[in-house]
Structure formats: C-alpha cells, structure tokens
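Read the structure below first, then the notes.
What follows is calculated from the coordinates using simple rules that are stated; it is not laboratory data. Since the model is a prediction, treat every value here as computed from it, not as a measurement. Every residue, glycine among them, receives a Cβ derived from its backbone with ideal geometry; neighbour counts consider all protein chains shown.
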Amino acid sequence: MIHNFSVENVVQAKSQIEKLESQGLKRDSIYVFAHYDEREEDITNAFKTAEVGMKDQGFFNTMKNIIVSRGNELRNQMEAIGLSKEEAAVAEKELDQGKLIIIAKGLQ
C-alpha cells in the first residue's frame, strides 16, 4: 500500500521517516520529494532513502523526464511509484509551497 505525507521541513521529514521505520518500513521503501532537485538529492542522501530510478519509471519515462519541467518530472516520478494522477497533482502543489512530500511503499 502507498501512503504520502506532506511535511513543512527537514526536521519534520526526519521525524516522519523515523516513525515509518518504527512501523517496520525500510528506508529503501521511503521516497522524499522536494521542489528543487538539489534539495531533494541532499535530503535523500542524508536520510539514505530511496530514489526514483529507471527501475521505477522505465527507460522511456526516465529519458522524457530529462526534458520536461520540474513539476512534470515530479508528478511523473510520483505516479511511477504508485500515486494516482490526482494524488501526484495535489502533492506537487504542496511542493510548490516549499513543503516536502514523503511517499512510503508497503506500509499497511
């Protein structure tokens, strides 16, 4: 099952990730999204969470995401790991407001 959480900052993200871990989820099943690519990469590296890769979205979508806007890229990635189009659109709007989105795969 897929769950997504919107948090205000990195401190809240860390807390949410630790809460998910305490429920038995491994960090390779937790994805963190930020509107700015560098911020997302820094957070992902710091918390050792999963990154959306070619195995999640396929070769063609990975290549397509190179040339689309960041918003489209984010929505495509969130859909690739299990959010519906509508959920991804709502989550992307949260990212536009500076929030972080945490997506957990496999949580009961």
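Solvent-free Debye calculation, one equal scatterer per alpha-carbon of the chain: log10 I(q)/I(0) at 0.09, 0.15 Å⁻¹ equals -0.20, -0.56. If you take the charge dipole of the chain about its Cα centre, with +1 on Lys and Arg Cβ and -1 on Asp and Glu Cβ, which of L107, V52, A89 is farthest toward its positive end? Comparing the listed Cα positions along the dipole, L107 ranks first. Straight-distance candidates among the lysines for linking to K48, with alpha-carbon spacing under 24 Å and chain neighbours fewer than 8 residues away dropped: K14, K19, K26, K99, K105. Mind pulling the angle between the C-alpha long axis of helix 85-96 and the longest principal axis of the chain? Nearest 10 degrees, somewhere in 0 to 90. Rounded to the nearest ten degrees, it is 80.
Relative to the longest principal axis of the Cα atoms of the chain, helix 54-67 runs at roughly 50 degrees. For the pair S84 and E41, label points projected 7 Å from Cα toward Cβ lie 3.4 nm apart.
Can you tell me the orientation of helix 70-80 relative to the chain, as the angle in degrees between its alpha-carbon axis and the longest Cα principal axis, to the nearest 10? Compared with the principal axis, the helix lies near 70 degrees.
Multiplying the residue separation of K48 and E18 by 0.36 nm and removing their Cα-Cα distance gives an extension gain of 9.6 nm.
Based on DSSP loop calls and a cut-off of at most 16 other Cβ atoms within 10 Å, the longest stretch of the chain free of exposed GluC sites (Glu not before Pro) is what? With a cap of 16 other Cβ atoms within 10 Å, the longest stretch comes to 52-108.
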